[in-house]
Amino acid sequence: MRRSGALTVALLAGCVGAPPAPPAAGSDGDGTAGSGVGSSDGVVDEGSTSDSTSTGTPGGSTSDPAGTPLLVISESPEADLGDVELEGSAAAVLLVSNLGDGPATGMSGGPLALPFGWSGGAYPGQAGDCGDELPPGGECEIEVELAPQDFGEVWAELRIVHDDGEVSVDLRGRGVGQSANLLINPGAEDQGSPPPGWENVGAGSWVAGTLPTGPAPAEGRSMFYCGEGPNAQFVLQQLVAIDSWASLVDAGTLRIHAAGQTRNAGSYDQHRIRVRYLDELGMQLEQFSSTWAVGYGWQPVEDLRLAPVGTRSLQVELVCNNTGGDACGAYFDALELRGQYP
C-alpha cells in the first residue's frame with residue numbers, strides 16, 4: 001500500500017546575483033536624471049535602473065551546477081503500521097520522492113530496531129525498488145514490516161542516508177491479540193511423575209501419561225491423572241509470572257484466558273480447574289474456579305476475565321478430591337493459559 005504525507009530534509013545552495021549595473025548614460029552618477037540620453041522631458045526611464053539585492057562575485061555564480069537533492073518520505077513525520085497480531089506481521093510500502101534539482105546519490109537504508117525490519121531482511125525491502133541513486137523528480141518505494149513479539153506500543157526510526165544528507169520517518173505500531181500458551185507442558189506430552197513443569201502440592205501423586213485401562217486423552221498422546229494416594233485432596237500446580245505485562249494489567253487492559261478439558265472414569269471423585277491471581281507478594285487478589293465436576297466424558301472448562309490491577313503472577317491448579325479407593329479418579333488435558341490485549 002502507498003501512504004501520503006511528507007517530511008523533508010534538504011540542503012539548498014544559495015544563488016549569487018550579478019553586480020549592480022553602472023549608472024545609465026545621461027545620469028549624474030547619483031541616480032538623478034541628467035540632461036543626456038536616457039531622459040525625456042525630465043522623466044527618468046525606469047527601465048534603465050535595477051532593484052536587485054543579490055550579491056556575489058562579479059561576473060559569475062557559486063550555484064552547484066549539479067543541483068541539490070531534496071528527499072521526501074511519504075507518511076512523514078510518522079508512519080503507523082497499526083495493530084498487529086502477536087506472532088503475525090504487517091508490511092507498509094512508503095514512497096520516496098526527490099523534489100530537488102539534483103540527484104540523490106549513495107542512497108542506503110539504516111538498520112531498524114526490532115520488532116521492525118526491512119521486509120525480506122534488507123533495504124529497500126522485498127517489495128521496494130529504491131536503489132543507490134534517485135534523479136530529480138524521481139520516485140521509488142521502500143517496504144518495512146512489523147512483527148511484534150509482545151503486547152503494547154512499539155516504535156523505531158527509519159533513516160535513508162545519501163551523499164548530501166539524510167531523511168527519516170518514525171515507525172509506530174502495536175502488538176495485540178492473544179499470546180502463546182503460557183503454561184509449560186500444557187498437554188502432559190512430556191510424561192513423568194510428577195509431570196515435568198508442574199509441582200505436586202497436595203496429597204498423593206500426579207502422572208503425565210496414559211493408563212492401559214483408562215480413557216483416551218482429549219488430544220495428543222498423553223494426559224494428567226492422579227496416582228495413588230489417601231482419601232484427601234490432590235493438587236497439581238504451576239506458577240506463571242506475568243510481571244512483564246504489569247503496565248497493561250494496571251491500566252486494566254490485559255485479559256487472561258484459561259481453558260482445559262476434564263473428566264472422570266470409573267469413580268465419582270470431584271475435580272476442578274482453578275486459577276489464582278496473585279500480587280507481587282504472592283497474595284491472592286482474585287480467583288477462577290470451575291464448578292466441581294463428576295461426569296464421564298471430556299468436558300470443556302473456560303474463563304476469560306480482566307486481570308485485577310496489581311496481578312503479577314497466575315497460579316494454575318488441577319484439583320481432585322479422592323472420596324474412596326487408592327487413587328483419585330480425575331483426568332485433565334489440553335490446558336491453556338493465555339494473555340489477551342487489548
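The values are calculated or read from the model by the stated rules, or taken from the named source; none is laboratory data. The model shown is predicted, which means the values in this text are computed figures rather than measured ones. When we count neighbours, we look across all protein chains shown, and the Cβ atoms used for this are built from the backbone with ideal geometry, even at glycine. Areas reflect the complete protein model, heavy atoms only, side chains present, ligands, DNA and RNA absent. Shrake-Rupley method; radii C 1.70, N 1.55, O 1.52, S 1.80 Å.
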Determine which single condition residue 180 fails, assuming it passes every other condition in (1) under 32 Å from the mean Cα position of the chain (by Cα); (2) crowded, with 18+ Cβ neighbours inside 10 Å.
(2)
Go through the range 202-243 and tell me which strands (runs of 3 or more DSSP E), entirely inside it, have 3 or more residues that are under 25 Å from residue 278 (Cα atoms) and of a type outside the set (Val, Ile, Thr).
233-241
Taking the range 93-134 on its own, how many of its residues are under 17 Å from residue 74 (Cβ atoms), of a type outside the set (A, V, I, L, M) and not in a strand (DSSP E or B)?
8
Residues of the range 68-78 being at pLDDT below 95 and either open to solvent by less than 10 Å² (accessible area, probe 1.4 Å) or outside any strand (DSSP E or B) (or both), in sequence order, are 74, 75, 76, 77
Considering (1) touching a Phe, Trp or Tyr at 6+ places or on another chain (Cβ under 8 Å); (2) open to solvent by 20 Å² or more (accessible area, probe 1.4 Å), say which one residue 324 fails and leave the rest.
(1)
So, in the range 302-321, exactly how many residues are open to solvent by less than 20 Å² (accessible area, probe 1.4 Å) and closer than 23 Å to residue 205 by Cβ?
5
Search the range 105-133 for residues that are more than 15 Å from residue 91 (Cβ to Cβ) and free of Cβ contacts under 8 Å to residues at least 24 places away in the same chain and pair each with any residue that is surrounded by 14 or more Cβ atoms within 10 Å (Cβ to Cβ) and among the charged types (D, E, K, R) when their beta-carbon atoms are under 8 Å apart and the residues are at least 6 apart or on different chains.
none
If the requirement is being modelled with pLDDT under 50, touching a strand residue (DSSP E or B) at 6+ places or on another chain (Cβ under 6 Å) and open to solvent by less than 40 Å² (accessible area, probe 1.4 Å), which of these qualifies: 26, 109, 128, 100?
26
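Rundown of residues vs (1) under 16 Å from residue 327 (Cα atoms); (2) surrounded by fewer than 19 Cβ atoms within 10 Å (Cβ to Cβ); (3) within 30 Å of the chain's Cα centre (by Cα); (4) in contact (Cβ under 8 Å) with a residue 40 or more places away in the chain, yes/no style:
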| site | (1), (2), (3), (4) |
| --- | --- |
| 216 | no, yes, no, no |
| 220 | no, yes, no, yes |
| 226 | yes, no, no, yes |
| 245 | no, no, yes, yes |
| 250 | no, yes, yes, yes |
| 273 | no, no, no, yes |
| 277 | no, no, yes, no |
| 291 | no, yes, no, no |
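Of all residues in the range 183-201, how many are outside any strand (DSSP E or B) and open to solvent by less than 30 Å² (accessible area, probe 1.4 Å)? Talk me through it step by step, then tell me what you get.
Residues of the range 183-201 that are outside any strand (DSSP E or B), as a first pass: 183-191, 193-198, 201.
In the following step, the residues that additionally are open to solvent by less than 30 Å² (accessible area, probe 1.4 Å) were identified as 183, 185, 187-188, 195, 198.
So the count comes out to 6.
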Every pair of residues 6+ apart whose Cβ atoms lie under 6 Å, when the first sits in the range 182-201 and is in contact (Cβ under 8 Å) with a residue 40 or more places away in the chain and within 21 Å of residue 256 (Cα to Cα) while the second is of a type outside the set (Ser, Thr, Tyr) and open to solvent by 70 Å² or more (accessible area, probe 1.4 Å):
197/184
First in the range 68-81 and without any contact (Cβ under 8 Å) to a residue 24 or more places away in the chain, second anywhere and in a loop (DSSP other than H, G, I, E, B) and open to solvent by less than 10 Å² (accessible area, probe 1.4 Å), Cβ under 6 Å, 6 or more apart:
none
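What's the total number of residues in the range 310-336 that are over 19 Å from residue 217 (Cβ atoms), in a strand (DSSP E or B) and not charged (D, E, K, R)? Spell out the reasoning first.
Initially, the range 310-336 is screened for residues over 19 Å from residue 217 (Cβ atoms), giving 310-315, 317, 319, 321-326.
If we keep only those that are in a strand (DSSP E or B) too, we end up with 313-315, 317, 319, 321.
With the extra rule that they be not charged (D, E, K, R), the set shrinks to 313-315, 319, 321.
Of the residues in the range 310-336, 5 are over 19 Å from residue 217 (Cβ atoms), in a strand (DSSP E or B) and not charged (D, E, K, R).
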Among (1) in contact (Cβ under 8 Å) with a residue 40 or more places away in the chain; (2) closer than 25 Å to residue 251 by Cβ; (3) out of contact with any helix residue (DSSP H, G or I) (no Cβ under 7 Å at 6 or more places or on another chain), there is one condition residue 152 misses while meeting the rest; what is its number?
(3)
Return the residues of the range 146-169 that are open to solvent by 60 Å² or more (accessible area, probe 1.4 Å) and in a strand (DSSP E or B); say none if nothing qualifies.
153, 155, 157, 159, 166
